[in-house]
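Only one structure is covered here, and it is reproduced in the block below.
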Amino acid sequence: MEDKIVLPEQNITLPFEEDDNLLVDVHDVSIKFRMPTERIDNLKEYAIKFLKHQIKYNDFWAVKNVSLQVKRGESLALIGRNGAGKSTLLRMIAGILEPTEGYIETKGNMVPLLKLGAGFDMDATGRENIFLNGAMLGFSKKEMMKKYDSIVEFSELQKFMNVPLKNYSQGMLSRLGFSIAVDVHPDVLLVDEILGVGDVPFNRKCSKKIHELKDEGATFIVVSHSMAAVKDLCNNAIWLKDGSINMTGTVDDVVAAYLKECNSL
Amino acid sequence: MAQNTLTGKQIKANGLQFKKSMVIMWTMVKKNVKNQYRRSVLGIFWTVLNPLLTMLVMAFVFSNIFGRGDINMDYPVYVLSGNIVFGLMRTATVTSLPCMVNNYDLLTKTRVPYFVFPASNVVSSLVNFGFSLIALIIVMLIRIPAGVEFHWTLLMIIVWLPSIFLFSLGISLALCSIYVRFRDIKHFYNVFLTLWMYLTPVFYAPSLLNSTVRKVLFVNPMYHYLDYFRSLIIGVVPSWQTHVLVYAIGIVTMLLGWLVFKSQRKSFIIYI
């Protein structure tokens, strides 16, 4: 029952045809990490250990033989326990990690939101960081100028735009990061556990904004441990276990099966 | 078949990616240059003032010792030109060395192409070099009474600049990749840089050295870059052999650096 693969309806109607709405196509992807058994970070030690033949590696397959497809407008959740390979898979889809085997095809503008405000410069002001972060997401200064006002308005940080980021609170940083991220209007958003930030009112605003994006046709691939958020946002889900797909199906089925196993532990 | 169609798409995607990389790079260069002198009263003027002051100190200390050697130009100009050329390479490589490790967040959480990090540091040092040129021109203006002349060959700096850019980028690519694995390379490199500077005729004339050391000088790429640059100041167009030499050094270093960088690319995320 649990291993039964439930295909979403779209897949059955158009099984083998080239489909332009196919935004993410992951072909039998695996990734291997080669970790030294002990961490050697200087040349001296490495030379000694190398001469003594004491350098050993552990091969570790973080993701093994995973295939999946995501079409426009349908959102996918990746669930599973810690270390199941969810974030690694997401990072491969984002193009940050290269798969050891298999390949991934993506279409459309894809924005990875794996950490809010990655690359913020703490010495620069909020204003400067909006442009900096925008550039990291691939937008020129001109394009960011158009977005600037709405980003500031959404973040509710008007008063702090000329203050260096090192004087921001953690909550303010996440708010700024989130506001930049959601103003990008991408085709595919890769989200790693950052669905809600800030205080309760701001959190509600975030959730509203995410639904707005979804209604506009944005596709989400979400890694989350919050089953409520996942059920709320996604149509389909994939349950990863030790790097492999344990179950694919509609979000309700997969979440139910996953929770059932969690409860039996 | 799927693989074939993929390569076509990849070329198109790579073009877009390259454009994106350039936007990111310029933003980072601007950030680097701004951050250098942020919150100092004189701000950006420091980029001009800094080489001027260093030159003053060196000229003051060394002019009586080294200034009388076989130097075919005004000593302060000689020292300053040596300093800014060596400084260009030094700043580029020293700032690039830890750049992969320092940008861990961006490396693992966003899709910024890796080469942007060392490249933006090298470009930043080129921008700084531009400011240093202002300092050089100021000193040359002041030294006109002492016989300094301006020559059109100064414009040829633009021909020379890409060669040292490639050279610095090559070293930077290699260093930042190695640094990810071996953190002690930083200390080695600092010692090496000091040695390198003394083996480059920054403030002395090559003729002061004995013949054995002068042979070492000839295999020192910085000697050739410096020599080229200084001949532009005194109005001599370097021979075509010199052009071939500096560009050959630049391109070979760049390729070697790129190879090291490429071979280590996949291990960045694991070892940082």
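The mean sequence distance of close C-alpha pairs (under 8 Å, at least 6 residues apart), as a share of the length of the stretch A:76-178, puts its relative contact order at 26 percent. Separation of the stretch A:68-90 and the stretch A:139-155, taken as the distance between their Cα centroids, equals 30 angstrom.
Taking 13 Å as the cut-off, the amide N atoms of the stretch A:225-247 that come nearer than this to a point 7 Å along the Cα-to-beta-carbon line of A:LYS260 belong to A:247. Listed by Cβ neighbour count within 10 Å, with the fewest neighbours leading, A:VAL152, B:VAL61, B:VAL85, B:VAL219 appear as B:VAL219, B:VAL61, A:VAL152, B:VAL85. Long hydrophobic helices in chain B: the complete DSSP H runs spanning 15 Å or more by Cα along their own axis with mean Kyte-Doolittle hydropathy of at least 1.6 are B:46-62, B:116-142, B:157-181.
A simple charge model with +1 on the Cβ of Lys and Arg, -1 on the Cβ of Asp and Glu and nothing else charged puts the dipole of the stretch B:14-149 at about 760 debye relative to its Cα centre.
Estimated from helices alone, the mean residue ellipticity of chain B at 222 nm is -24500 deg cm²/dmol (sum of -39500 (n - 2.57) over DSSP H runs with n ≥ 4, per residue). Taking chain A as a Gaussian network of alpha-carbon nodes connected by springs under 10 Å, the highest mean-square fluctuation of the residues A:LEU22, A:LEU51, A:LEU78 belongs to A:LEU51. Taking each DSSP H run with n ≥ 4 as -39500 (n - 2.57) and averaging over every residue of chain A yields -11000 deg cm²/dmol at 222 nm. Here the residues A:PHE60, B:PHE66, ranked from fewest to most Cβ neighbours within 10 Å of their Cβ, fall in the order A:PHE60, B:PHE66. Comparing mean-square fluctuations of A:GLU74, A:GLU38, A:GLU212 from a GNM of chain A with C-alpha springs under 10 Å, the top value falls on A:GLU38. Computed from point charges on the beta carbon alone (+1 for Lys and Arg, -1 for Asp and Glu), the dipole magnitude for chain A about its Cα centre is near 1080 Debye. For the protein assembly as shown, the alpha carbon positions stretch 91, 60, 41 Å along the principal axes, listed from largest to smallest. Which distance in Å, rounded to a whole number, links the C-alpha centroids of the stretch B:50-108 and the stretch A:28-61? If you average the Cα positions of each part, the centres end up 38 Å apart.
Spin-label model, B:LYS19/B:LEU255: points 7 Å from Cα along the beta carbon direction are separated by 3.1 nm. Label-to-label distance for B:HIS243 and A:ASN21 is 6.0 nm, based on points extended 7 Å past Cα in the beta-carbon direction.
Just to confirm a number: summing +1 for Lys and Arg and -1 for Asp and Glu over residues other than B:VAL112 whose beta-carbon lies under 11 angstrom from that of B:VAL112, what do you get? In short, +2. Site pair A:HIS53 and A:TYR103 shows an inter-label distance of 4.0 nm when each label is modelled 7 Å from Cα along Cα→Cβ.
Of all the options B:VAL23, B:VAL116, B:VAL48, the one that moves most in a Gaussian network model of chain B with Cα springs shorter than 10 angstrom is B:VAL23. The mean count of C-beta atoms from other chains within 10 Å of the C-beta of residues in B:180-186, rounded to a whole number, is 4. Prolate is the label for the stretch B:36-271. Its Cα gyration tensor axes, ordered a ≥ b ≥ c, give a/c of at least 1.5 and a/b above b/c. Dipole orientation for the stretch A:45-204: of the candidates A:THR88, A:SER150, A:ASN203, A:THR88 has the Cα lying most toward the positive pole (charges on Cβ; Lys, Arg +1; Asp, Glu -1). Compare the Cα positions of A:CYS262, B:GLY130, B:LEU232 along the charge dipole of the protein assembly as shown (+1 at Cβ of Lys, Arg; -1 at Cβ of Asp, Glu; about the Cα centre) and return the one farthest towards the positive end. The residue sitting farthest along the positive end of the dipole is B:LEU232. Centroid-to-centroid, using Cα positions, the stretch A:188-243 and the stretch B:200-255 are 59 Å apart. Qualifying chymotrypsin sites (Phe, Trp or Tyr not before Pro) in the stretch A:157-265, where qualification requires a DSSP coil assignment and no more than 16 other C-beta atoms within 10 Å, are lacking entirely. With N as its number of residues, the stretch A:116-265 has a Cα radius of gyration that, divided by 2.2 N^0.38 Å, comes to 1.19.
None of the figures in this text is laboratory data; all of them are computed from the coordinates on show. None of the values given here were measured: they were computed from a predicted structure. When we count neighbours, we look across all protein chains shown, and the Cβ atoms used for this are built from the backbone with ideal geometry, even at glycine.
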